[in-house]
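Scroll down for the structure; my scribbles are underneath it.
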Amino acid sequence: MQGHAGEKDTDAAGAPTPPRIAPFIRPQWRLLVVVGVTGVVYNLGMVAGPWLEGLLAQRLADILAGRAVASSMVPLACAYVGAIALVQLMRYLKRLYVRKFANNVSRVMKRTLYRNLLRADRRSLEREGVGSLMTKAISDVDDCVEGVRKFTTEIFDTGVVMVAYVATLLAYDWRITLLAMVFPPLSYVLAARMKGPVTRATGAAKRSVSQMAAAALDRVEGATSYRTLGLEGVRDGLFEANLADYERKETRANVLSTALMPVYQAISLLGAGTVIVCGARNVLGVGWSPWNIAAFTTFFSVYTKLAVKSSHAGKLFNAVQRAQVSWARIQPYMGQAADGGSVREGDAPRFGQRLEVRDLGFAFPGAAPLFQHVTFSVAPGQVVGVTGEVGCGKSTLGRLVCGELDPTEGSVRLGERDVATLQRRDAGVTSRLGHDPQLLDATVEENVLLGDDADPRPDLRRACLLDDVERMPRGVRTPVGEGGAALSGGQRARLALARTYHFARPLVVLDDPFASVDLATERQAWQSLRELARRRGMAVVVVSHRLLHFPELDGVVCLHDGTASFGTHGRLMESCPQYARLYGLQANGGEVDLDAR
């Protein structure tokens with residue numbers, strides 16, 4: 001049965017059923033009504049065109065034979081021009097509203113996909129791979145929507161108009177129609193038989209592009225390491241192999257999808273010979289029906305248009321197959337109802353929960369403990385900083401706090417629940433911004449909102465990026481390039497921070513969010529963060545090696561000697577020599593790089 005907004009469908013036994021694409025289409029019914037009305041008028045005009053062409057041909061023959069005057073052609077010519085103009089107007093309006101319909105469906109589907117990816121278990125996302133997720137987020141939704149758009153368009157451009165064409169042909173001569181119509185169905189049969197190969201080729205191409213995207217990211221992110229270890233050539237060779245595999249499989253998929261169109265069309269037009277021979281006999285008065293030139297011209301024109309339209313069915317089948325393959329790939333992430341991506345009130349993140357870290361310890365497999373007996377708490381609305389020497393495990397502690405890693409001892413609880421367990425059940429309770437946030441090859445607005453229907457400016461202002469964005473050529477609609485290539489390092493970090501603010505959760509972990517900004521911007525950014533935490537009741541943990549504003553925080557965790565000290569800035573300055581030394585170095589102008597690895 002269909003659930004309420006944000007609920008999953010269940011079958012008769014109460015088990016969850018896979019999400020369906022229909023709920024994404026139904027809210028656009030008004031646009032579909034406009035498409036339907038303009039499509040009907042368009043198809044009537046498509047039949048009227050050949051009929052008027054026949055009348056014009058007959059009138060021309062009458063004028064040449066002296067049975068009519070030339071001026072009698074004018075009304076028919078005006079009617080023909082008017083019919084063509086009406087057809088083109090209706091065609092424009094129909095396609096305009098089909099495109100609006102497709103854009104709306106795409107926006108809602110991407111919004112739902114992005115929100116579900118944000119709420120998904122990070123470990124399952126890591127197992128799937130960045131390349132696969134990028135392909136799903138960027139191309140699979142587009143392929144789904146393109147299939148829906150073509151299906152909606154072809155209902156009128158092919159389906160309805162073909163019914164009108166067949167009815168017209170039968171009215172003129174049903175015998176010739178049946179003989180000539182033997183061939184167009186063959187193109188349908190061939191297209192149907194190609195369904196399996198097209199599906200397999202498309203699926204293989206999708207998997208290949210995911211592997212290539214993952215290889216490209218690894219090649220870029222690990223470029224320095226590969227060069228240092230002398231493995232750059234090996235990595236380049238692997239990437240080239242992935243690229244060659246993608247090109248081969250994508251070429252095969254495209255050939256099967258598009259190159260057979262002329263074959264379908266040629267098969268459909270084989271009946272034109274039958275129409276010419278039998279139609280000529282009718283005109284000569286020795287056939288099955290008495291025809292004049294107007295009837296022959298109309299019949300032949302309608303048949304050729306029908307044959308061309310029938311060949312489009314193969315193209316439609318291929319588009320639908322690609323859409324089905326893409327839908328199968330993204331279906332697990334489309335579980336929310338298509339109501340704009342909102343969630344049920346009961347599923348909304350509960351702010352105002354206290355973070356409790358008790359006797360926490362962690363060790364990588366086969367290694368000595370990185371730290372032990374780490375204890376601290378963060379009340380709702382508080383901001384606590386984490387610092388320490390290089391390699392002490394600051395970033396690892398951040399990952400433990402938000403549930404991305406399981407501790408070897410101790411616990412991390414948000415309210416009354418274990419964060420790691422909570423994270424696996426519902427990733428919508430924590431937000432973490434790491435060292436290298438991924439940015440989409442999209443606009444500033446799209447990178448902040450991820451398809452959400454909102455204004456990105458408040459979040460950009462909190463991240464101290466709004467002034468920079470407003471100076472950009474297209475403001476919030478300025479493309480940032482692949483991975484944010486069009487932005488500076490500081491701008492990329494603040495854009496990712498704005499996105500984190502927009503999707504803020506009860507627990508937020510930020511890893512060196514202000515490492516690439518100037519002092520004035522850093523001061524403003526810290527102030528905005530504290531205000532946002534108080535207003536929303538978030539528990540915020542900030543990992544940083546820059547300690548200038550740590551005296552203003554509600555608490556400080558300093559990792560040292562395999563354990564940690566926790567307290568206010570003032571208390572740690574008195575009781576923790578390691579923290580006092582680090583802060584003193586920066587306060588005296590000798591800031592050092594303490595970034596964790």
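Please go through the stretch 354-403 and pick out each residue that is under 38 Å from the mean Cα position of the chain (by Cα), farther than 18 Å from L582 by Cβ and of a type in the set (A, V, I, L, M, F, W, C).
Passing the criteria: L355, V357, F362, A363, F364, V378, A379, V383, L400, V401, C402.
Evaluate the following for R546: is it charged (D, E, K, R), modelled with pLDDT under 90 and within 33 Å of the chain's Cα centre (by Cα)?
Details: charged (D, E, K, R): yes; modelled with pLDDT under 90: yes; within 33 Å of the chain's Cα centre (by Cα): no.
For R546, the condition - charged (D, E, K, R), modelled with pLDDT under 90 and within 33 Å of the chain's Cα centre (by Cα) - is not met.
Can you find even one residue in the stretch 449-465 that is open to solvent by 20 Å² or more (accessible area, probe 1.4 Å), outside any loop (DSSP other than H, G, I, E, B), under 15 Å from T500 (Cβ atoms) and without any contact (Cβ under 8 Å) to a residue 24 or more places away in the chain?
Yes, the conditions are met somewhere in the stretch 449-465.
Every residue in the stretch 287-303 that is free of Cβ contacts under 8 Å to residues at least 40 places away in the same chain and within 56 Å of the chain's Cα centre (by Cα), please.
Answer for the stretch 287-303, where residues must be free of Cβ contacts under 8 Å to residues at least 40 places away in the same chain and within 56 Å of the chain's Cα centre (by Cα): just F300.
If I go through the stretch 30-40 residue by residue, how many of them are open to solvent by 50 Å² or more (accessible area, probe 1.4 Å) and without any contact (Cβ under 8 Å) to a residue 60 or more places away in the chain?
Looking only at that region, the number is 3.
Take the conditions at pLDDT 85 or above and open to solvent by 10 Å² or more (accessible area, probe 1.4 Å) and apply them to R425. Does it pass?
On the way: at pLDDT 85 or above: no; open to solvent by 10 Å² or more (accessible area, probe 1.4 Å): yes.
When the stated conditions are applied, R425 does not pass them.
Looking at L256, L269, L306, L284 in this structure, which one is under 39 Å from the mean Cα position of the chain (by Cα) and open to solvent by 20 Å² or more (accessible area, probe 1.4 Å)?
Details: L269 fails: under 39 Å from the mean Cα position of the chain (by Cα); L306 fails: open to solvent by 20 Å² or more (accessible area, probe 1.4 Å); L284 fails: under 39 Å from the mean Cα position of the chain (by Cα).
Unique residue meeting the criteria: L256.
Any residue in the stretch 262-286 that's under 22 Å from Q58 (Cα atoms): show its pairings with residues that are in a helix (DSSP H, G or I) and open to solvent by 40 Å² or more (accessible area, probe 1.4 Å) at Cβ separation under 6 Å, as long as the two are six or more apart or on different chains.
Listed pairs, sorted by first residue: T274/L179; V275/F300; G279/F296; V283/F296.
Please work out if G410 is of a type in the set (G, A, S) and not in a loop (DSSP other than H, G, I, E, B). Write out each step before concluding.
Values: of a type in the set (G, A, S): yes; not in a loop (DSSP other than H, G, I, E, B): yes.
Yes; evaluated as a whole, the condition is true for this residue.
A137: open to solvent by less than 30 Å² (accessible area, probe 1.4 Å), assigned to a helix (DSSP H, G or I), among the small types (G, A, S) and at pLDDT 80 or above, yes or no?
Working: open to solvent by less than 30 Å² (accessible area, probe 1.4 Å): yes; assigned to a helix (DSSP H, G or I): yes; among the small types (G, A, S): yes; at pLDDT 80 or above: no.
In short, no.
Residue-wise test of (1) hydroxyl-bearing (S, T, Y); (2) open to solvent by less than 40 Å² (accessible area, probe 1.4 Å); (3) within 16 Å of A379 (Cβ to Cβ).
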residue: F503; (1), (2), (3): no, yes, no
residue: R523; (1), (2), (3): no, no, no
residue: W526; (1), (2), (3): no, yes, no
residue: R536; (1), (2), (3): no, no, yes
residue: F550; (1), (2), (3): no, yes, no
residue: G555; (1), (2), (3): no, yes, yes
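Within the stretch 78-91, which residues are touching a Ser or Thr at 6+ places or on another chain (Cβ under 9 Å) and either open to solvent by less than 80 Å² (accessible area, probe 1.4 Å) or modelled with pLDDT of 90 or more (or both)? Don't jump to the end; show me each part of the working.
Of all residues in the stretch 78-91, those touching a Ser or Thr at 6+ places or on another chain (Cβ under 9 Å) come to 89-91.
If the condition is that a residue be touching a Ser or Thr at 6+ places or on another chain (Cβ under 9 Å) and either open to solvent by less than 80 Å² (accessible area, probe 1.4 Å) or modelled with pLDDT of 90 or more (or both), then L89, M90 are the ones that fit.
In the stretch 466-501, how many residues are in contact (Cβ under 8 Å) with a residue 40 or more places away in the chain, open to solvent by 30 Å² or more (accessible area, probe 1.4 Å) and polar (S, T, N, Q)?
0
Taking D452 and the conditions (1) at pLDDT 85 or above; (2) acidic (D, E); (3) closer than 26 Å to Q353 by Cα, which numbered condition does it fall short on, given that it satisfies the others?
That leaves (1) as the condition not met.
Residue-wise test of (1) in a helix (DSSP H, G or I); (2) modelled with pLDDT of 85 or more; (3) out of contact with any Ser or Thr (no Cβ under 8 Å at 6 or more places or on another chain); (4) aromatic (F, W, Y).
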position: H4; (1), (2), (3), (4): no, no, yes, no
position: P23; (1), (2), (3), (4): yes, no, yes, no
position: P27; (1), (2), (3), (4): yes, yes, yes, no
position: L31; (1), (2), (3), (4): yes, yes, yes, no
position: T38; (1), (2), (3), (4): yes, yes, yes, no
position: E53; (1), (2), (3), (4): yes, no, no, no
position: L60; (1), (2), (3), (4): yes, yes, yes, no
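Quick check on the stretch 407-421. Is at least one of its residues closer than 14 Å to R499 by Cα, at pLDDT below 90 and open to solvent by 20 Å² or more (accessible area, probe 1.4 Å)? Before you say what the answer is, go through the steps one by one.
Step one: list which residues in the stretch 407-421 are closer than 14 Å to R499 by Cα, which gives none.
For the stretch 407-421, residues closer than 14 Å to R499 by Cα, at pLDDT below 90 and open to solvent by 20 Å² or more (accessible area, probe 1.4 Å): absent.
Kindly indicate whether any position in the stretch 557-568 is touching a Cys at 6+ places or on another chain (Cβ under 7 Å), buried (at least 23 other Cβ atoms within 10 Å of the Cβ) and of a type in the set (A, V, I, L, M).
We begin by selecting, within the stretch 557-568, every residue touching a Cys at 6+ places or on another chain (Cβ under 7 Å); these are 558-560, 564-565.
Within this subset, residues satisfying the condition of being buried (at least 23 other Cβ atoms within 10 Å of the Cβ) are 558-559, 564.
Next, from what is left, pick out any that are of a type in the set (A, V, I, L, M): 559, 564.
There is at least one residue in the stretch 557-568 that is touching a Cys at 6+ places or on another chain (Cβ under 7 Å), buried (at least 23 other Cβ atoms within 10 Å of the Cβ) and of a type in the set (A, V, I, L, M).
Which condition number does R571 fail, the rest of (1) at pLDDT 90 or above; (2) within 38 Å of the chain's Cα centre (by Cα); (3) open to solvent by 30 Å² or more (accessible area, probe 1.4 Å); (4) not acidic (D, E) being met?
R571 satisfies all of (1) at pLDDT 90 or above; (2) within 38 Å of the chain's Cα centre (by Cα); (3) open to solvent by 30 Å² or more (accessible area, probe 1.4 Å); (4) not acidic (D, E) except (2).
Of the numbered conditions (1) among the small types (G, A, S); (2) open to solvent by less than 30 Å² (accessible area, probe 1.4 Å); (3) modelled with pLDDT under 75, A204 satisfies every one except a single condition; which is it?
(3)
Under the condition of being modelled with pLDDT under 90 and of a type in the set (S, T, N, Q), which residue from the stretch 325-376 is surrounded by the most Cβ atoms within 10 Å (Cβ to Cβ)?
Q336
The values are calculated or read from the model by the stated rules, or taken from the named source; none is laboratory data. What you are looking at is a predicted structure, and each value in this text was computed from that prediction instead of being measured. Don't worry about glycine lacking a Cβ; one is built from the backbone with ideal geometry, like all the others, and counts go over all protein chains shown. Keep in mind that these areas ignore ligands, DNA and RNA; they rest on the heavy atoms of the full protein, side chains included. Shrake-Rupley method; radii C 1.70, N 1.55, O 1.52, S 1.80 Å.
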